[in-house]
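Data first, discussion second: the structure below is written as C-alpha cells.
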Amino acid sequence: MHNGSDIVILIIYFDDLLIFRKNNESIDEVIRKLSKEFDMKNLGLMHYFLGIEIWQKDKGIFIS
C-alpha cells in the first residue's frame, strides 16, 4: 500500500500476515480495512516466522 510518502508493507504466507510500517496509525488503518473483509486476530509482536527467530528492541530488530 502506497500513499504519497507513506508505505505499508504486507507479507502474506498461507494464513499468516505481517504488516510493517514505522507509523502504527497506518498499520491500524490497514488492519481495520482488512478486518472488514477477513476474520483476523492480532497476535502481537512477531517472535518466530518461517523458522526465523525475531527480537524487536528499541534499538532495532534482531534476526537469528
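Taking the numbered list (1) under 24 Å from Ser5 (Cα atoms); (2) in contact with a strand residue (DSSP E or B) (Cβ under 7 Å, 6 or more places away or on another chain) in turn, His47 passes all entries but (1).
Taking the condition of being of a type outside the set (A, V, I, L, M) and modelled with pLDDT of 85 or more, how many residues in region 23-40 meet it?
From region 23-40, those of a type outside the set (A, V, I, L, M) are 23-26, 28-29, 32-33, 35-39; that's our starting set.
Then drop every residue that is not modelled with pLDDT of 85 or more, which leaves 32-33, 35-39.
Looking only at that region, the number is 7.
If you go through region 1-21 and keep only what is modelled with pLDDT of 75 or more and not in a strand (DSSP E or B), you end up with Val8, Phe14, Asp15, Arg21.
The set of residues from region 22-64 being touching a residue at least 12 places away in the same chain (Cβ under 8 Å) and at negative phi comprises Asn23, Ser26, Ile27, Val30, Ile31, Leu34, Met40, Met46, Phe49, Ile52, Ser64. Of the residues making up region 4-22, those that are surrounded by 11 or more Cβ atoms within 10 Å (Cβ to Cβ) and either polar (S, T, N, Q) or farther than 19 Å from Ile63 by Cα (or both) are Asp6, Ile7, Val8.
Taken residue by residue, region 43-52 has at least one member that is assigned to a strand (DSSP E or B) and surrounded by 10 or more Cβ atoms within 10 Å (Cβ to Cβ). Count of region 24-41 residues, restricted to those that are outside any helix (DSSP H, G or I) and surrounded by 11 or more Cβ atoms within 10 Å (Cβ to Cβ), is 1.
The values are calculated or read from the model by the stated rules, or taken from the named source; none is laboratory data. In this text the structure is predicted, and so the values were computed from the model without any measurement. In this analysis, Cβ positions are derived from the backbone assuming ideal geometry, glycine residues included, and neighbour counts consider all displayed protein chains.
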